[in-house]
1. Here are Ile167, Ile171: which of them is part of a helix (DSSP H, G or I), in contact (Cβ under 8 Å) with a residue 12 or more places away in the chain, open to solvent by 60 Å² or more (accessible area, probe 1.4 Å) and among the β-branched types (Val, Ile, Thr)?
2. Taking the stated definitions as given, is Ala183 crowded, with 22+ Cβ neighbours inside 10 Å and either closer than 21 Å to Ala19 by Cα or of a type in the set (Gly, Ala, Ser) (or both)?
3. Could you grab me the full set of residues in region 305-314 that are loosely packed, with under 15 Cβ neighbours inside 10 Å and either hydrophobic (A, V, I, L, M, F, W, C) or under 19 Å from Gln231 (Cβ atoms) (or both)?
4. Could you grab me the full set of residues in region 276-304 that are under 24 Å from the mean Cα position of the chain (by Cα) and open to solvent by 90 Å² or more (accessible area, probe 1.4 Å)?
5. Just checking, how many residues over region 99-124 are under 29 Å from the mean Cα position of the chain (by Cα) and within 15 Å of Val78 (Cα to Cα)?
6. Read through the list (1) outside any strand (DSSP E or B); (2) within 28 Å of the chain's Cα centre (by Cα), then give the number of the only condition that Tyr127 fails.
7. Any chance you could count how many residues in region 91-121 are touching a Gly at 6+ places or on another chain (Cβ under 7 Å) and more than 27 Å from Phe37 (Cβ to Cβ)?
8. Restricted to region 145-155, and to residues that are in a helix (DSSP H, G or I) and touching a Ser or Thr at 6+ places or on another chain (Cβ under 9 Å), which residue is farthest from Leu249 (Cα to Cα)?
Amino acid sequence: MTSRDSASSEITPEVLLRAYACGIFPMAESADDPTLFWVEPETRGVIPLDGLRVPSRLARTVRSDAFTVTVNTAFKAVISGCAAPQPGREDTWINKRIRELYIGLHQIGHCHSVEVWANDDLIGGLYGVSLGRNTVGLGYAVAFSDLVLAPATPSNTARSGGTVYPIVSNIPRIYGSEPGPTAGKIGTYVMWTAFATTAVTSSLFLTALAPNAAALSIARKIAGVDIGWSQWFIGFAPLGIPLLLLVPLLSYVVCRPQVKESPEIVTWSSNELKAMGPPARNEWIMAALVLLAMFLWITGSNPTVTLPVLGSNFINPTMVVFVVISLMLVTGVIVSISPPCSRCRRA
């Protein structure tokens, strides 16, 4: 537990949000005490909303329009009212530092207030912290990123190790989760989900793993079986899609991450996207060519699909690769570097 003298100086709205995700929160001994200390309750109160029943008298009062209820219109007034002494409650644990921290949370969109007004007078209200991002949802986001890349990335090493991993590996560090004793916070779950998803997507798409094409070539030579991109996908989808949906959930059950909520990821990813800036010309072209390649792989060698002018079975999957790479060279997305001439090499 953090000492009381150091807690006040170390806590920021971002740290407070992370603490709530881990199940702890700060308190003060009194409204006049400038120091804070962490509280980790052993039991928690949960208000079930499934069977919530509004008493008829309260419902009539609400319908009478005697009061006006607003949201996030007077946050500072609400938290000040909660901190003020009341009859039967001479003091509270909401000191000045607590108010500043929760106002900071409100400013970044993670703390909200509900106000009740009688005419123009604030007569009641409450405030609360909104986490809103479950760690399971983070697992599905990781799995979805691999799913998007898989159809156009025939190397699962390049996809998982070269693209997904450099991004995903930054997430555990936000929560102080590193290889070793702290891996169980969230790192084990995120990493396991990323690599397990790759195993599924590599089997789901013909073009998601280089050995898939090699195995198909062997089957064609030995058994005379020719399978197209769409046939491959349709054949594995009844098993692959349920597996893809289950991987983040099963990983959550097996790994049991200590961090149950991960709201900071949204802020972190937004800041990273802002730092990157808008997509450049070559990036837009690259995205369009990837979609073109997927379209040609799905339709070009499928005898059941007929396109205007082109007809059916009009392009080989290998030729699709040559066409797309040629377009990348023509548009300048990739640049061909000529080897130095013999005179340059001698020099």
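The values are calculated or read from the model by the stated rules, or taken from the named source; none is laboratory data. Everything numeric here is computed off the predicted structure, so don't read it as measured data. For neighbour counting, all protein chains shown are included, and Cβ atoms are generated from backbone atoms with ideal geometry for every residue, glycine included. Ligands, DNA and RNA are stripped out before the accessible areas are found, and what is left, the full protein with its side chains, is counted by its heavy atoms. Shrake-Rupley method; radii C 1.70, N 1.55, O 1.52, S 1.80 Å.
1. Of Ile167, Ile171, the one residue that is part of a helix (DSSP H, G or I), in contact (Cβ under 8 Å) with a residue 12 or more places away in the chain, open to solvent by 60 Å² or more (accessible area, probe 1.4 Å) and among the β-branched types (Val, Ile, Thr) is Ile167.
2. Judged against the criteria, Ala183 is not a match.
3. First pass over region 305-314, keeping only residues loosely packed, with under 15 Cβ neighbours inside 10 Å: 306-312.
Result: Thr306, Leu307, Val309, Leu310, Gly311, Ser312.
4. Those that are under 24 Å from the mean Cα position of the chain (by Cα) and open to solvent by 90 Å² or more (accessible area, probe 1.4 Å): Met276, Pro278, Glu283, Trp284, Leu291.
5. Number of matching residues: 12.
6. (1)
7. Within region 91-121, residues that are touching a Gly at 6+ places or on another chain (Cβ under 7 Å) and more than 27 Å from Phe37 (Cβ to Cβ) number 3.
8. Among residues in region 145-155 that are in a helix (DSSP H, G or I) and touching a Ser or Thr at 6+ places or on another chain (Cβ under 9 Å), the one farthest from Leu249 (Cα to Cα) is Ala152.
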